[in-house]
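K.L.:
After the structure tokens below, expect a handful of questions from me.
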Amino acid sequence: MGSPRHIVALVPAAGQGVRLGEQLPKAFVPVGGTPMLTLAVDGLIASGVVDHIVIMAPDALIDAAVAMLPAGPVPVSVVAGGVERTDSVRAGLAAAPLATHVLVHDAARALTPPSLIARVVAELVAGHPAVVPGLPVTDTVKAVDADSVVTGTPDRAGLRAIQTPQGFDARLLRDAYAQNLPATDDAGLVEMLGAPVRVIPGDPLAFKITTQLDLRLARTLLADNPTRAVVRP
Ligand code: C5P
């Protein structure tokens, strides 16, 4: 018999958010009066499928992050993140020794529906070792060289824009991080090990808040549907 299932969500929230250009690190910027990080954690808790949440925050904002968290049914820990996103995820993994399955979920995807989180976990516990949500791309994508000359046009039908939460068998993700290779997402590290990564349908609401335009969209969406925003004292 295997060990009991223990699903840990790691929430990278240690980025500075340079492209957003706000005063605060991105995860701490409010959307509809609530910081992105709080919205993301609320979504994970509302999914009902997560046993423990570990937030990776900027060193100077660990106390601020702790103060923002809900006292609820799911334990939440806050640890210091790192210089790169992979450093932050590595720190989160170290704080989750009991995990059998790990979700990595960007704080910047603050409006991710709980139903998407539950779908990722359902596929994971059904036995898929790596599960990521993705959406068909609507733009044509070109490959270019260093001089911005097009080198190819991949068939759009075979492309997906990948979101979070990305779900993994915990041992597989630890093995992937042990390789110390660069990658822009966690699934990319797992792919380098040759493990199959399953893509399930994503959700447009799981978009990453990166630019001011994204922030305006998120604020408008929350204004239209304020039940997603939990205002805390
Ligand atoms: O910068 P980007 O939008 O790709 O960051 C995605 C997520 O990773 C954000 O929630 C950000 O706070 C987090 N991050 C992190 N540590 C870093 C860089 C980014 O936790 N060093």
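K.L.:
Being surrounded by 12 or more Cβ atoms within 10 Å (Cβ to Cβ), of a type in the set (A, V, I, L, M) and in a helix (DSSP H, G or I) is the filter here; which residues of the stretch 115-158 pass it? Write out each step before concluding.
P.N.:
Within the stretch 115-158, the subset surrounded by 12 or more Cβ atoms within 10 Å (Cβ to Cβ) is 115-125, 128-137, 141-142, 154, 156.
Add one more test, that the residue is of a type in the set (A, V, I, L, M), and what stays is 116-118, 120-122, 124-125, 130-132, 135, 137, 141.
Answer for the stretch 115-158, where residues must be surrounded by 12 or more Cβ atoms within 10 Å (Cβ to Cβ), of a type in the set (A, V, I, L, M) and in a helix (DSSP H, G or I): LEU116, ILE117, ALA118, VAL120, VAL121, ALA122, LEU124, VAL125.
K.L.:
Within the group VAL29, VAL18, VAL54, VAL41, which residue is under 21 Å from GLY82 (Cβ atoms), touching a Ser or Thr at 6+ places or on another chain (Cβ under 7 Å) and of a type in the set (A, V, I, L, M)?
P.N.:
Only one candidate qualifies: VAL54.
K.L.:
Surrounded by 18 or more Cβ atoms within 10 Å (Cβ to Cβ) and assigned to a helix (DSSP H, G or I), is that true of THR112?
P.N.:
Spelling it out, it is not the case that THR112 is surrounded by 18 or more Cβ atoms within 10 Å (Cβ to Cβ) and assigned to a helix (DSSP H, G or I).
K.L.:
Could you look through the stretch 61-72, keep only residues that are closer than 20 Å to GLY43 by Cα and surrounded by fewer than 24 Cβ atoms within 10 Å (Cβ to Cβ), and pick out the one that is farthest from the ligand (Cβ to nearest atom)?
P.N.:
The first filter runs over the stretch 61-72 and keeps only residues closer than 20 Å to GLY43 by Cα, leaving 64-72.
Filter again for surrounded by fewer than 24 Cβ atoms within 10 Å (Cβ to Cβ), leaving 64, 66-72.
On the way: ALA64: 14, VAL66: 16, ALA67: 18, MET68: 14, LEU69: 16, PRO70: 18, ALA71: 23, GLY72: 21 Å.
Across the stretch 61-72, the extreme among qualifying residues is ALA71.
K.L.:
Any residue in the stretch 220-232 that is hydrophobic (A, V, I, L, M, F, W, C), under 18 Å from VAL131 (Cβ atoms) and open to solvent by 80 Å² or more (accessible area, probe 1.4 Å)?
P.N.:
Scanning the stretch 220-232, I find no residue that is hydrophobic (A, V, I, L, M, F, W, C), under 18 Å from VAL131 (Cβ atoms) and open to solvent by 80 Å² or more (accessible area, probe 1.4 Å), so the answer is no.
K.L.:
Further, regarding this structure: Could you list, in sequence order, the residues of the stretch 96-109 that are within 13 Å of the ligand (Cβ to nearest atom) and in a loop (DSSP other than H, G, I, E, B)?
P.N.:
Within the stretch 96-109, HIS105, ASP106, ALA107, ALA108, ARG109 meet the criteria.
K.L.:
Take the conditions hydrophobic (A, V, I, L, M, F, W, C), closer than 30 Å to GLY33 by Cβ and outside any strand (DSSP E or B) and apply them to ALA161. Does it pass?
P.N.:
No, not satisfied.
K.L.:
When you scan the stretch 50-77, how many residues do you find that are in a loop (DSSP other than H, G, I, E, B) and either under 15 Å from the mean Cα position of the chain (by Cα) or free of Cβ contacts under 8 Å to residues at least 40 places away in the same chain (or both)?
P.N.:
7
K.L.:
Further question: Which one of the conditions (1) of a type in the set (D, E, K, R); (2) open to solvent by less than 80 Å² (accessible area, probe 1.4 Å); (3) under 30 Å from PRO129 (Cα atoms) does ASP214 fail to meet, given that it meets all the rest?
P.N.:
Against the list (1) of a type in the set (D, E, K, R); (2) open to solvent by less than 80 Å² (accessible area, probe 1.4 Å); (3) under 30 Å from PRO129 (Cα atoms), ASP214 comes up short only on (3).
K.L.:
With GLY43, GLY81 as the choices, which residue is within 11 Å of the ligand (Cβ to nearest atom), in contact (Cβ under 8 Å) with a residue 60 or more places away in the chain and surrounded by 24 or more Cβ atoms within 10 Å (Cβ to Cβ)? First the steps, then the outcome.
P.N.:
Numbers: GLY43 fails: within 11 Å of the ligand (Cβ to nearest atom).
Criteria check complete, one pass: GLY81.
K.L.:
Looking at LEU172 and the list (1) out of contact with any helix residue (DSSP H, G or I) (no Cβ under 9 Å at 6 or more places or on another chain); (2) touching a residue at least 12 places away in the same chain (Cβ under 8 Å), which single condition is not satisfied?
P.N.:
For LEU172, the exception is condition (1).
K.L.:
When you go through PRO25, PRO12, PRO75, PRO58 one by one, which is the residue that is in contact with a His (Cβ under 9 Å, 6 or more places away or on another chain), open to solvent by 10 Å² or more (accessible area, probe 1.4 Å), within 11 Å of the ligand (Cβ to nearest atom) and not acidic (Asp, Glu)?
P.N.:
PRO12
K.L.:
What tally of residues in the stretch 164-187 results from selecting those that are open to solvent by less than 10 Å² (accessible area, probe 1.4 Å) and within 14 Å of the chain's Cα centre (by Cα)?
P.N.:
Looking only at that region, the number is 7.
The values are calculated or read from the model by the stated rules, or taken from the named source; none is laboratory data. Since we're looking at a predicted model, the values are computed, not measured. Counting neighbours? That spans all protein chains shown, and the Cβs are built from the backbone with ideal geometry, glycine included. Side chains included, ligands, DNA and RNA excluded: accessible areas come from the protein's heavy atoms. Shrake-Rupley method; radii C 1.70, N 1.55, O 1.52, S 1.80 Å.
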